[in-house]
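A.B. asks: Here it is: the structure, laid out below.
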Amino acid sequence: MNKNEKKSTTSVAFFSDSLPERNGTGAYYFDLLKSLKSEIPNIEIFQPLHNVRLNFLSIPMPGDPSQKLITPNLFRIHKGLKKLKPKTIISVTPGPFGLVGYLYAKKHKLKFITAFHTNFEQLTKIYWNPLTRSFANLYLRSINKLLCQNSHLTLIHNSGLIQEMESLGSKNHKIMGTPLPEFYLEKPLKAPPNTIKQICFAGRLAAEKNIDLIIQAAAHFSQIKFVIIGEGPLRNKLKKQASPLKNVQFMTWLNREELVNMVDLSNALLLPSKIETFGSVAFEAMARGRPVIVSKNAGINEWDTLSKCILQLENEGELINSIQKLIDMNPEERTTLSNNANSAAREFHTNTIQQWIDLLIEESV
């Protein structure tokens, strides 16, 4: 069987509890499947829809009450699986949809793979009280163990997760890259202003994102406009904290086409998070040729090809120093950093898509 025949016979079903493009996990698989479809047409993802029926199960996710665990529509899933006839099942979340994927693979004796994107146990430590947290973590750890112990392969997105996966019983793991949205690659690049005029943040307005550090930096750099894009539980508190500052602008959640325009208008993007499994928004900003300042503990720094083009934030107190370092660069140095970031992100995307193609063909044989 040649390579093209293998592609045509490859059939894979993904299961995710994330809405398409709603968060990092949702965006990851939206971008991935869009890029893979031309090479491997028989792939589908089963996940919640934006407009769903009344849900029997609706539990807010830690740190973002707007996202909830939703009861899967089993009739819709059964109909889709009957048409797809998958040979491989990949569950990417430990919620109801992920469990449905596991149970389907077990029933039909299909190859089962787990992908680990978010350490929800760390998020519960930030948001939930000890009693609620203990119940949540018992569930999360139990389900993650069930998925990992019964997986032919566990997919992770930085090497820092290897120990966690092994503790959950993963017997075999593979580190996978992250894809980019196609329009981030196709849209012509715009050169940033020669001087640092605007810096942006995009993401959930929540405790793990350390947005208060951005407001502190805005107070220090009154000549720079700081744009904070997103929604979340801390929105009102952060707006009140920033109210004395004229150089801070809050914007609501933007779709990704709108977001890329805002990134293009900015000189840099900040991501000073306490917890960041990868850091897709920084990766996307790099693809637009923008310098990024990212916490050292973010998973994106585990990839050498990307980390060498990132201004790493060693600790929380150094955000102002990191911004000053960017300001102190001459225009040529910033241009070089921008060009290197763009090249590294595009190469990483290309390698990631090929990595996924090779994996799916291999696992479907």
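A.B. asks: Give me F116, F250 sorted ascending by neighbouring Cβ count inside 10 Å, so fewest comes first. Numbers along the way, then the final one.
C.D. replies: Numbers: F116 23, F250 15.
The fewest-first ordering by Cβ neighbours comes to F250, F116.
A.B. asks: Continuing with this model, one more query. From the phi of every residue in the stretch 341-354, what ³J(HN,Hα) in whole Hz does the Karplus formula 6.51 cos²θ - 1.76 cosθ + 1.60 yield, where θ is phi - 60° and glycine or proline is x?
C.D. replies: Ordered by residue, 3J(HN,Hα) equals 4, 4, 5, 5, 5, 5, 5, 4, 4, 4, 5, 5, 4, 5 Hz.
A.B. asks: Taking only the Cα atoms of the stretch 10-50, how large is their convex hull per residue, in Å³?
C.D. replies: 57 Å³
A.B. asks: Quick one: if you stick a label point 7 Å off each Cα along the C-beta vector at E314 and T336, how many nm between them?
C.D. replies: 2.2 nm
A.B. asks: If you place +1 on the Cβ of every Lys and Arg and -1 on the Cβ of every Asp and Glu, how big does the dipole about the Cα centre of the chain come out, in debye to the nearest 20? Please list the in-between numbers first.
C.D. replies: Numbers: 44 positive and 32 negative charges, 271 e Å.
Dipole of the chain, to the nearest 20 debye: 1300 debye.
A.B. asks: Tell me the Kirkwood radius of the stretch 182-347: reciprocal of the mean inverse pair distance over distinct alpha-carbon atoms, in Å.
C.D. replies: Numbers: mean 1/r = 0.0638 Å⁻¹.
Computed over the stretch 182-347, the radius equals 15.7 Å.
A.B. asks: Calculate the FRET efficiency for T9 and N172 from the Cβ-Cβ distance with a Förster distance of 25 Å, rounded to the nearest 0.05.
C.D. replies: For T9 and N172, the calculated efficiency is 0.60.
A.B. asks: Are any of the pairs K7/K111; K111/K274; K37/K145; K85/K107; K190/K274 more than 24 Å apart by Cα-Cα distance, and if so, which?
C.D. replies: K111/K274; K37/K145; K190/K274
A.B. asks: Follow-up. Rule-of-thumb check for the chain: C-alpha Rg over 2.2 N^0.38 Å?
C.D. replies: 1.01
A.B. asks: With a ≥ b ≥ c taken as the square roots of the eigenvalues of the C-alpha gyration tensor of the stretch 301-365, please select rounded if a/c is under 1.5 and otherwise prolate if a/b is larger than b/c or oblate if it is not?
C.D. replies: oblate
A.B. asks: Related question: Helix-only mean residue ellipticity at 222 nm, the chain, DSSP H runs n ≥ 4 weighted -39,500 (n - 2.57), per residue, nearest 500. What is it?
C.D. replies: The helix contribution divided over the chain gives -14000 deg cm²/dmol.
A.B. asks: What is the order of H349, H108, fewest Cβ neighbours within 10 Å to most?
C.D. replies: On the way: H349 23, H108 12.
Starting with the residue having the fewest Cβ neighbours, the order is H108, H349.
Every number here is computed from the coordinates shown, using simple stated rules; none is lab data. As the structure is a computational prediction, the values presented were derived from the model and not from experiment. A quick note on method: Cβ atoms are made from the backbone with ideal geometry, for glycine too, and the neighbour counts reach across all protein chains shown.
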